[in-house]
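Participant: To start, I am sharing the structure in question, which I have written as structure tokens.
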Amino acid sequence: MKNPIMISCLIIFLSACAIQNGNLTTAEQRYDFPRTDYLQADPQYTVYEVDNNLSQILVRAYRDGLMAKLGHDHIIASQDIRGYVRIHNKTENCRADFYTPLSSLDVDNERFRATENLDSTPSEKDIIGTKNNMLKSLEQPVFPLVKLHSSDCSSALAGAMTSVALTIHGVTQPLQLAIKIAQEEEGKLLISGAFSILQTDFSIEPFSIMNGLIKVKDRLDLRYSITATKLAPLSAQCPDNFSTIGNSLCNELPVDLLAVPIDKRKLPVHLSLIHDSRQPIRDKGRSE
């Protein structure tokens, strides 16, 4: 008789691979976003994940040229920010990675324009044209993400300037940013700040028409507010009522599955095999 435990293990292993890859976005797979570096971090680190429901980046673009009055200033928003912060519990060694898909950018949203007190009102046709021109300039199909990485954000915790690498349009530039990191409440970080960049530093040609009589200024001003929520340590994500066999396999389960509360009713059948609150799984091939 075949060993049912070995069969269950094999099924779990194969399905874990499928679940883990399935939860990675196409962009993360293509550009090797380091999700597992955070979700499988050493227990000595506290890991925070961006809550994109509470986070946003605002980009202000300015009209320019001899006929600038015929154009509009623009506000571009991203509320689809993803990423992680990892802080060592003793040394406060800090690392952070964030990205946002260009396809999710919101151009000239009426609410944001009102907040920024912009003095003109572009038509719906203007807004659609602005977004299309922007994505064309950024070559969005080729470079779909804006990414920010800091290999050492410890200085931000101390209120000092912090080195980061910003990647736009396939070009990475080092920046020194004043980043404010505050513990908003238990288990939450609020990360905020503002900075400016030049489009040409990222090999982007600022949009212009009529031989430059109406154009967009090279400088863009960015402002961000990011809320990140503490994740439970991987070791704490295995439920107490897993069986003995289940506990031994818990660290092998895909981290994306472990990151959510486990409800037996929602588990696939093959995972239910190792989830039993009353009895451990026993090898029926052995005598009791």
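Participant: Does segment 91-140 hold any residues that are within 30 Å of residue 157 (Cβ to Cβ) and basic (Lys, Arg), and which are they?
Facilitator: Result: 95, single match.
Participant: Inspect all residues belonging to segment 57-67 and state whether any of them is closer than 30 Å to residue 117 by Cβ, touching a helix residue (DSSP H, G or I) at 6+ places or on another chain (Cβ under 8 Å), at pLDDT 55 or above and small (Gly, Ala, Ser).
Facilitator: Scanning segment 57-67, I find at least one residue that is closer than 30 Å to residue 117 by Cβ, touching a helix residue (DSSP H, G or I) at 6+ places or on another chain (Cβ under 8 Å), at pLDDT 55 or above and small (Gly, Ala, Ser), so the answer is yes.
Participant: Considering each of 162, 167 in turn, give the residue that is β-branched (Val, Ile, Thr) and more than 19 Å from residue 225 (Cβ to Cβ).
Facilitator: Working: 162 fails: more than 19 Å from residue 225 (Cβ to Cβ).
On inspection, the qualifying residue turns out to be 167.
Let's see how each residue does on (1) touching a His at 6+ places or on another chain (Cβ under 7 Å); (2) charged (D, E, K, R); (3) under 20 Å from residue 55 (Cα atoms); (4) without any contact (Cβ under 8 Å) to a residue 24 or more places away in the chain:
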| residue | (1), (2), (3), (4) |
| --- | --- |
| 168 | no, no, yes, no |
| 174 | no, no, no, yes |
| 177 | no, no, yes, yes |
| 180 | no, yes, yes, no |
| 191 | no, no, yes, no |
| 194 | no, no, yes, no |
| 198 | no, no, no, yes |
| 202 | yes, no, no, no |
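Participant: So residue 172 ticks every box in (1) within 22 Å of the chain's Cα centre (by Cα); (2) open to solvent by 70 Å² or more (accessible area, probe 1.4 Å); (3) modelled with pLDDT under 80 but one. Which box is left unticked?
Facilitator: Result: residue 172 passes all but (3).
Participant: So if I check each of 42, 80, which one is under 25 Å from residue 230 (Cα atoms) and without any contact (Cβ under 8 Å) to a residue 24 or more places away in the chain?
Facilitator: On inspection, the qualifying residue turns out to be 42.
Participant: Going through 54, 58 one at a time, which residue ends up being touching a strand residue (DSSP E or B) at 6+ places or on another chain (Cβ under 7 Å) and either assigned to a strand (DSSP E or B) or among the basic types (Lys, Arg) (or both)? Step through it out loud before you land on a result.
Facilitator: Working: 54 fails: either assigned to a strand (DSSP E or B) or among the basic types (Lys, Arg) (or both).
The conditions single out 58.
Participant: Being open to solvent by 50 Å² or more (accessible area, probe 1.4 Å) and part of a strand (DSSP E or B) is the filter here; which residues of segment 63-74 pass it?
Facilitator: Passing the criteria: 63, 64.
Participant: Please state which one of 226, 204 is buried (at least 19 other Cβ atoms within 10 Å of the Cβ) and in a loop (DSSP other than H, G, I, E, B).
Facilitator: Criteria check complete, one pass: 204.
Participant: May I ask you to list the residues in segment 109-148 that are modelled with pLDDT under 90, part of a loop (DSSP other than H, G, I, E, B) and either open to solvent by less than 40 Å² (accessible area, probe 1.4 Å) or closer than 15 Å to residue 62 by Cβ (or both)?
Facilitator: Scanning segment 109-148 gives 116, 117, 118, 119, 120, 122.
Participant: Return a yes/no flag: does segment 176-184 have any residue that is assigned to a helix (DSSP H, G or I), modelled with pLDDT under 90 and surrounded by fewer than 16 Cβ atoms within 10 Å (Cβ to Cβ).
Facilitator: No; the residues of segment 176-184 include none that is assigned to a helix (DSSP H, G or I), modelled with pLDDT under 90 and surrounded by fewer than 16 Cβ atoms within 10 Å (Cβ to Cβ).
Participant: For residues in segment 83-109 being under 26 Å from residue 144 (Cβ atoms) and among the acidic types (Asp, Glu), which is nearest to the chain's Cα centre (by Cα)?
Facilitator: 97
Participant: Please find, within segment 75-108, the residue that is least open to solvent (accessible area, probe 1.4 Å) out of those that are within 20 Å of residue 192 (Cβ to Cβ) and of a type in the set (Asp, Glu).
Facilitator: 97
The values are calculated or read from the model by the stated rules, or taken from the named source; none is laboratory data. All of these numbers come straight from a predicted model, not from anything done at the bench. In this analysis, Cβ positions are derived from the backbone assuming ideal geometry, glycine residues included, and neighbour counts consider all displayed protein chains. What goes into the accessible areas is simple: the full protein's heavy atoms, side chains included, and nothing from ligands, DNA or RNA. Shrake-Rupley method; radii C 1.70, N 1.55, O 1.52, S 1.80 Å.
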